[in-house]
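What follows is one structure encoded as structure tokens, with my remarks underneath.
Just so it is clear, none of the values below were taken in a lab; they were calculated from the coordinates. Here the structure is a predicted model, which means the values were calculated and not measured. Positions of Cβ are backbone-derived with ideal geometry, glycine not excepted, and every protein chain shown enters the neighbour counts.
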Amino acid sequence: MIRPGRPEDANAIAAIWNPLIRETTVTFTTQEKTAGDIADLLKRQPVFVAIPNDQIAGFATYGPFRPGPGYAHTAEHSIYLAAHARGNGLGRALMVRLETHARDQGLHVMVAGLSGDNKGAITFHTAMGYTEIGHLPRVGRKFDRWHDLVLMQKCL
């Protein structure tokens, strides 16, 4: 089941996001998220959660791509799944819900900013109809290493 995120989901979302922040380069973020951070996120932008077996196993969100009215119809999204939830269609279900919501809100383009190390996410986005539109070498820094950023987009 995919449903909108709720304030009471904040701890479960943090439990998925924080290990990825701490242990991987799928996000270049280095500061772990608190329940308060996630509660603020839920107020600012759409968040959807995947609940396959009575427990949140993933979440997706989108927000402004860049400030300014010229970018009002473009959004950047993020999808994160718990390790045990990958490879069984939850990411696809979250993406479909996210894109449908964005389209219904009048958005025209969805952008993904992906770590060049995250080959799984690049493959997933390609399968979902996204096209690589940019590769920025060595623009992210985490774990004392430089990382590439791959930009992908899809017209909704």
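General observations
- Using the rule -39500 (n - 2.57) for each DSSP H run of four or more residues, divided by the residues of the chain, the 222 nm mean residue ellipticity is -9500 deg cm²/dmol.
- The range 2-155, Cα convex hull volume normalised per residue, Å³: 113
- At R0 = 35 Å, FRET efficiency that the Cβ-Cβ distance of residue 135 and residue 83 yields, to 0.05: 0.85
- For the range 39-52, Karplus couplings with θ = phi - 60° (6.51, -1.76, 1.60), whole Hz, Gly/Pro x: 4, 5, 4, 4, 7, 8, 8, x, 9, 10, 10, 9, 10, x
- Förster radius 35 Å - calculated FRET efficiency between residue 126 and residue 6, Cβ distance, rounded to 0.05: 0.65
- Radius 12 Å from Cβ of residue 38, net charge of other residues (Lys, Arg +1; Asp, Glu -1): -1
- Evaluated at q = 0.11, 0.19, 0.24 Å⁻¹, the base-10 log of the normalised Debye intensity for the range 1-81, with identical point scatterers placed on the Cα atoms, takes the values -0.30, -0.85, -1.20.
- Only Lys, Arg (+1) and Asp, Glu (-1) charged, at Cβ; the chain dipole about Cα centre in debye: 180
- Counting other Cβ atoms within 10 Å as a rough exposure proxy, the listed residues 143, 59 run 143, 59 from fewest neighbours to most.
- Across the range 2-155, C-alpha contacts under 8 Å between residues 6 or more apart give a mean separation that, scaled by the residue count, equals a relative contact order of 20 percent.
- Long-range HN-HN contacts of residue 118 with modeled amide H, under 5 Å: none
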